[in-house]
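Data first, discussion second: the structure below is written as structure tokens.
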Amino acid sequence: MNIGTLIIVLTIVLIGGVGVFALIRFGLRGSTNSGGDVQLRLEEFAGRTEISGPLSLEEIEMSQPFSKRVLRPILVRLAQSFSRLSPSKSREATELRLDLAGRPNNWGPTEFFGIRIFVALVLGVLLFLVTLLVFGTGDILTGSMIGLLFAGVGGLIGFMMPVFWLGSKTRRRQTEILKSLPDSLDLLTIAVEAGMGFDGAMQKLADKWDNELSKGFGRTVQEMRLGVVRREALKNMERTMGVPDVTTFVAAIIQAEQLGVSIAKILRVQSEQMRIKRRQRAQEMANKAPIKMLFPMVFLIFPALFIILLGPAVLILMETNFG
């Protein structure tokens, strides 16, 4: 393979990788704009309305970002064309996975399935072109056959890549929830013992902090304002987090509400238990550290150390024997 073909291959791979990463990371953000951005949009809309009258449908459509106008409809149609191959149970499982990951970029099951199809097609086509450029210079038929094989493997990998990314995002979210749960329970306990209701304490927590747990409490309060019973709203929060400690906390609150027990006492007990569990998890991780350090030391540090210490002696022995 000559230099020109190598440059073309590297360019195709680079452009495809950057495009896939940009699509997953930045391209399809939904309604996740901050309050300042929304306020600027409202001010701009009000100013244009006062100056030039109400906006037309075309102007409103063109004011939306490119990802919302073009990319999202393409992915939705792509997913709908393949949705017949996906059973309803798979759609429900995907929706649960998205809830556990915190609904990244405000994606739904249809958009996420479209992203999986798109990434699979992009990687499959890229690997086919690269393989054809590498192996197809001599025999085009052999290159095409190998290219189709690599395209199938690349499509399978691309179809599973968003799932792996979603799983890693879920694990990071659950870890953040575990770390912030004891402090959040302390704030809830202080607010309830000061005379505030439990609903007001959850709203105070949602307003005070900005993490995944506070967002979950904020959604719970919004559901209760829409008419959902507190018990069902808390169960929905527990389902969308998938953290055993949150499940224990929700079960204790529901039981206290049913039995008429003081919620302040339950919160105090739960806060102490969560702190004990967090301390135990830290001790467990500290105990696992020597075992985890053993493999890098044996396979990376010790060989280099042996080379430095024993290398001169081995060279001297070799010179002596051969001399």
| request: Report whether or not residue 291 is out of contact with any strand residue (DSSP E or B) (no Cβ under 9 Å at 6 or more places or on another chain) and farther than 22 Å from residue 179 by Cα. | output: yes
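Can you tell which of 292, 277 is surrounded by fewer than 13 Cβ atoms within 10 Å (Cβ to Cβ), part of a helix (DSSP H, G or I) and of a type in the set (Lys, Arg)? Before you say what the answer is, go through the steps one by one.
Details: 277 fails: surrounded by fewer than 13 Cβ atoms within 10 Å (Cβ to Cβ).
Answer to the selection: 292.
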| query | residue 97: under 20 Å from residue 160 (Cβ atoms) and under 15 Å from the mean Cα position of the chain (by Cα), yes or no? | reply | yes
| From 200, 195, which residue is among the small types (Gly, Ala, Ser) and not in a helix (DSSP H, G or I)? | 195
| query | Which condition does residue 197 not pass, out of (1) assigned by TED's automatic domain parsing to the domain that holds residue 238; (2) farther than 20 Å from residue 238 by Cα; (3) buried (at least 19 other Cβ atoms within 10 Å of the Cβ), if it passes all the others? | reply | (3)
| query | In the stretch 95-124, which residues are farther than 22 Å from residue 240 by Cα and touching a Lys or Arg at 6+ places or on another chain (Cβ under 9 Å)? | reply | 114
| query | Do we find that residue 150 is within 24 Å of the chain's Cα centre (by Cα) and either modelled with pLDDT of 90 or more or assigned by TED's automatic domain parsing to the domain that holds residue 119 (or both) in this structure? | reply | no
| What single numbered condition from (1) surrounded by 11 or more Cβ atoms within 10 Å (Cβ to Cβ); (2) more than 24 Å from the chain's Cα centre (by Cα); (3) modelled with pLDDT under 90 fails to hold for residue 224? | (3)
| query | Any residue in the stretch 237-246 that is closer than 15 Å to residue 188 by Cα, touching a Leu at 6+ places or on another chain (Cβ under 6 Å) and in a helix (DSSP H, G or I)? | reply | no
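The values are calculated or read from the model by the stated rules, or taken from the named source; none is laboratory data. Since this is a predicted model, take the numbers as computed values, not measurements. Ideal geometry is used to build each Cβ from the backbone, glycine not excepted, and the neighbour counts take in all protein chains shown.
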